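The values are calculated or read from the model by the stated rules, or taken from the named source; none is laboratory data. Worth saying up front: this structure is predicted, and the values here are computed from it rather than measured. Note: ideal-geometry Cβ built from the backbone for every residue, glycine included; neighbour counts use all protein chains shown.
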Amino acid sequence: MIHHRDYFELLNNNKLWAAEKLKTDPAYFDELAKPQRPKFLFIGCSDSRVPLTSILESEPGDLFVHRNIANQVNLTDINLLSIIEYAVEILNIEHMIILGHYKCGGVKAAVEGLNEEDIVENWVSQISDIYHYHKKELETITDKGKMYDRISEMNVVAQLKNLLRTPIIQRAFRNKKKLWFHGWIFDIYTGLIKDLPLPLREWKEYDLLPEDYLSEAFM
Ligand SMILES: [Zn+2]
């Protein structure tokens, strides 16, 4: 945990990191300066406790990343849409991963509310819809923390559905691009990632996925 007085420590850590990389591979940064070819697009929560490169032990160049509060796929978010377009059309990324996490403050804010004037509540209003839509199931979970965690899972699946709805993804399917979609939850209690089951049949019925998705044509 880094406090503000440790601000200079960050810059110092950076120097140590760069030196360490050079020590193991003198050409490391020459390689890194080449055009990026990441294989995965990540859409995750901004939460500081979910440091992607650490929990996946990934290297620079591995992940193309967008993060916002509660990993929302908002169809009017030009920032995210640009990233998806760049990922699919320029980088030819095939794996799209939405990564939510337990104990998500954005999920809690959506259900409990903060102050009426807070912008974040506006941002996560979709999660409030998810909560109300699944209220019956959710109310059977007596532990409130566990209920929020379940909403985090539902939120990941809902945001994947939004991702499928984007014209960029639908165009990619029409152009026979191979794309895979994954919904992950970072279990903050164990450090492990859960690969969530996805309602693929339902998404096919909505014409959001091609009929042959996950069949041999897609492997
Ligand atoms: Zn979060």
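To keep it simple, each residue is scored yes or no on (1) outside the structural domain of ASN68 (by TED's automatic domain parsing); (2) under 26 Å from ARG49 (Cα atoms); (3) modelled with pLDDT of 95 or more; (4) polar (S, T, N, Q).
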| residue | (1), (2), (3), (4) |
| --- | --- |
| GLN159 | no, yes, yes, yes |
| ILE168 | no, no, yes, no |
| PHE173 | no, no, yes, no |
| LYS178 | no, no, no, no |
| PRO197 | no, yes, yes, no |
Hey, any hits in segment 4-20 for a residue that's more than 16 Å from the ligand (Cβ to nearest atom), at pLDDT 95 or above, basic (Lys, Arg) and within 30 Å of ARG174 (Cβ to Cβ)? no
If only one of ASP149, ASP143 is acidic (Asp, Glu), surrounded by fewer than 16 Cβ atoms within 10 Å (Cβ to Cβ) and at pLDDT 95 or above, which one is it? ASP143
